[in-house]
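The values are calculated or read from the model by the stated rules, or taken from the named source; none is laboratory data. Computed from a predicted model, the values in this text were never measured in an experiment. Note that each Cβ is placed from the backbone with ideal geometry, even for glycine, and that neighbours are counted across all protein chains shown. Quick note on the areas: whole protein, heavy atoms, side chains included, nothing else; ligands and nucleic acids left out. Shrake-Rupley method; radii C 1.70, N 1.55, O 1.52, S 1.80 Å.
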Amino acid sequence: MALSISTPPTSSSLLPASLQVGRWSSSAAMSARPVAFSLRRPVLAARVAAGGNAPSSSVDEVVTELDAVASFSEIVPDTVVFDDFEKFAPTAATVSSSLLLGIAGLPDTKFKSAIDTALADGECNTMEKPEDRMSCFLTKALANVGAEMAHLVPGRVSTEIDARLAYDTQGIIQRVHELLKLYSDHDVLSERLLFKIPATWQGIEASRLLESEGIQTHLTFVYSFAQAAAAAQAGASVVQIFVGRVRDWARTHSGDPEIDEALKKGEDAGLALAKKVYAYIHKNGYKTKLMAAAIRNKQDVFSLLGIDYIIAPLKILQSLEESVTDTDVKYGYVPRLTPALGKTYNFTEEELVKWDQLSLAAAMGPAAEELLASGLEGYVNQARRVEELFGKIWPPPNADIGNVSVVRARSVGQAGGSRPSSDDEVII
């Protein structure tokens, strides 16, 4: 069943104010291929705004659970690319090493030429060291694919920053500026861009400096209150918390004070973290928008209603779409997170400090440390796999490198690759 969405202007939308229109096709998902997009369903939004948390449905109106939840939070479907952008126009996208691997494994994808062009880049090909050349190819490929996305979607494109720079503030800033220059060469304005940076202290500091320049950042791999609070203080545009991963860690580990405190209260550790961070942001009036990722089931979605963005797997969205609901009764559709939460939430003096590198390191428990390290390792491995793949297929078929024309029978699409993993590849 095809599903059309019209997005109303909202300050927290992933789309620029002048471009807040999008569509989501549930039938198109059956032929999906690796990328991501965002959607917002305003079916009930007008009634919610008019009054009442649980809008009433008319006799002849069919309302699904997806209609209801999308009235409170912007829903971000997890990791999808469609074969035909003319039939379905995603509203926003994320570009990552994982996506490049997916594109390389698809012989007919329209983004293959963006990779070929990167591999034929004259600047990269003048570099003597193979590792420098491959890193240059990776950066160019991300920008080329991102630019293609930016010309296809009305919203913002989030570009992954190499995780190998996670502990190098100046390296992150330099890479962001390089990408900005490349996007500018493709006539993509900076307001259309987000840069996805790991939430190490160095990444948070890079976010602060970039945001001071008017460059929007998206901090990822956030598994603790300290990381999120420091990111909000830095002025990060988006902070992404992995609710399910925190819960998974709590089920098999112990000894993390933050998680142990939530469990003693009978709370889910991941949901409790999201609620606490949301309250902190609104208590202090920070501009940061909060994104919940690693959503495991529909109840997670219901428990997070009101948060700015919810990244949900397609199987959950399809289940929500297939469930017709009486919005006056079923599940009691009310926002679980509201700005008023900041007025009632009690924070300790330690939690309200001005965060610095030492206080952040001291406050991060074993869960955040382990999950951050694991996430970074996964991203580093993906980047290396892309560079290894580029090394095998470089130069690209029919490429003109310098004064030498190269013709190869083997295409990028035949080189193999893998599809992006879900749970963390999204966006905005």
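Do we have E191 as more than 24 Å from V386 (Cα to Cα), surrounded by fewer than 23 Cβ atoms within 10 Å (Cβ to Cβ) and not small (G, A, S) here? Don't jump to the end; show me each part of the working.
On the way: more than 24 Å from V386 (Cα to Cα): yes; surrounded by fewer than 23 Cβ atoms within 10 Å (Cβ to Cβ): yes; not small (G, A, S): yes.
When the stated conditions are applied, E191 passes them.
Given the conditions (1) within 26 Å of L372 (Cα to Cα); (2) more than 22 Å from the chain's Cα centre (by Cα); (3) surrounded by fewer than 20 Cβ atoms within 10 Å (Cβ to Cβ), report the number of the one that S113 does not fulfil.
Here S113 meets the rest and fails (1).
Pairs under 7 Å by beta carbon, first residue farther than 17 Å from R156 by Cα in region 174-203, partner open to solvent by less than 30 Å² (accessible area, probe 1.4 Å) and of a type in the set (F, W, Y), six or more apart or different chains?
P198/F221; A199/F221
Quick one: what pairs do we get from region 296-314, first residue on the phi > 0 side of the Ramachandran plot and touching a residue at least 60 places away in the same chain (Cβ under 8 Å), second assigned to a loop (DSSP other than H, G, I, E, B) and not charged (D, E, K, R), C-beta under 8 Å, 6+ apart or different chains?
Once the first residue is on the phi > 0 side of the Ramachandran plot and touching a residue at least 60 places away in the same chain (Cβ under 8 Å) and sits in region 296-314, its partners that are assigned to a loop (DSSP other than H, G, I, E, B) and not charged (D, E, K, R) give G306/F72; G306/S73; G306/P335; G306/L337; G306/T338.
Residues K140, K196, K181: which one is within 13 Å of S96 (Cα to Cα), assigned to a helix (DSSP H, G or I) and either modelled with pLDDT of 95 or more or not hydroxyl-bearing (S, T, Y) (or both)? Break it down stepwise before answering.
Numbers: K196 fails: assigned to a helix (DSSP H, G or I); K181 fails: within 13 Å of S96 (Cα to Cα).
The conditions single out K140.
Would you mind telling me which numbered condition in (1) in contact (Cβ under 8 Å) with a residue 60 or more places away in the chain; (2) farther than 20 Å from E351 by Cβ; (3) not hydrophobic (A, V, I, L, M, F, W, C) S254 fails?
S254 satisfies every listed condition except (1).
Tell me which residues, restricted to region 370-388, are more than 13 Å from A166 (Cβ to Cβ) and surrounded by 14 or more Cβ atoms within 10 Å (Cβ to Cβ).
Taking region 370-388 and keeping what is more than 13 Å from A166 (Cβ to Cβ), we get 370-371, 381-382, 384-388.
Of everything in region 370-388, those that are more than 13 Å from A166 (Cβ to Cβ) and surrounded by 14 or more Cβ atoms within 10 Å (Cβ to Cβ) turn out to be E370, L371, Q382, R384, R385, V386, E387.
Please go through region 119-132 and pick out each residue that is in contact with a Phe, Trp or Tyr (Cβ under 8 Å, 6 or more places away or on another chain) and free of Cβ contacts under 8 Å to residues at least 40 places away in the same chain. So that I can check it myself, show each step before the final result.
Our first condition is that a residue be in contact with a Phe, Trp or Tyr (Cβ under 8 Å, 6 or more places away or on another chain); within region 119-132, this holds for 119, 121, 124.
D121, C124 - these are the residues of region 119-132 that are in contact with a Phe, Trp or Tyr (Cβ under 8 Å, 6 or more places away or on another chain) and free of Cβ contacts under 8 Å to residues at least 40 places away in the same chain.
Which one of the conditions (1) assigned to a loop (DSSP other than H, G, I, E, B); (2) of a type outside the set (F, W, Y); (3) open to solvent by less than 50 Å² (accessible area, probe 1.4 Å) does L360 fail to meet, given that it meets all the rest?
(1) is the only condition that L360 fails.
Residues that are small (G, A, S) and open to solvent by less than 50 Å² (accessible area, probe 1.4 Å), at least 2 per element: which helices (runs of 4 or more DSSP H) completely within region 238-351 meet that?
Values: elements: 243-252, 257-264, 269-284, 298-303, 314-322, 341-344.
Answer list for region 238-351: 243-252, 269-284.
For the condition open to solvent by less than 30 Å² (accessible area, probe 1.4 Å) and out of contact with any His (no Cβ under 7 Å at 6 or more places or on another chain), what is the one hit in K129, K140? Please lay out each step first, then the result.
On the way: K129 fails: open to solvent by less than 30 Å² (accessible area, probe 1.4 Å).
Answer to the check: K140.
For region 205-233, what are the residues that are over 19 Å from Y309 (Cβ atoms), touching a helix residue (DSSP H, G or I) at 6+ places or on another chain (Cβ under 9 Å) and part of a helix (DSSP H, G or I)?
E205, A206, R208, L209, L210, A226, A230, Q233
Kindly indicate the residue of region 109-124 that is assigned to a loop (DSSP other than H, G, I, E, B) and not β-branched (V, I, T) and also nearest to D185 (Cα to Cα) among those meeting that condition.
At the first step, the residues of region 109-124 found to be assigned to a loop (DSSP other than H, G, I, E, B) are 109-111, 120-121.
Within this subset, residues satisfying the condition of being not β-branched (V, I, T) are 110-111, 120-121.
On the way: K110: 20, F111: 18, A120: 16, D121: 14 Å.
So the residue we want is D121.
Considering only residues of region 148-167 that are modelled with pLDDT of 95 or more and in contact with a helix residue (DSSP H, G or I) (Cβ under 6 Å, 6 or more places away or on another chain), which is surrounded by the most Cβ atoms within 10 Å (Cβ to Cβ)? Working first, answer last.
So in region 148-167, the residues modelled with pLDDT of 95 or more come out as 159-167.
Subsequent filtering for residues that are in contact with a helix residue (DSSP H, G or I) (Cβ under 6 Å, 6 or more places away or on another chain) retains 159, 161-167.
Working: T159: 28, I161: 26, D162: 19, A163: 24, R164: 15, L165: 22, A166: 25, Y167: 14.
My answer is T159.
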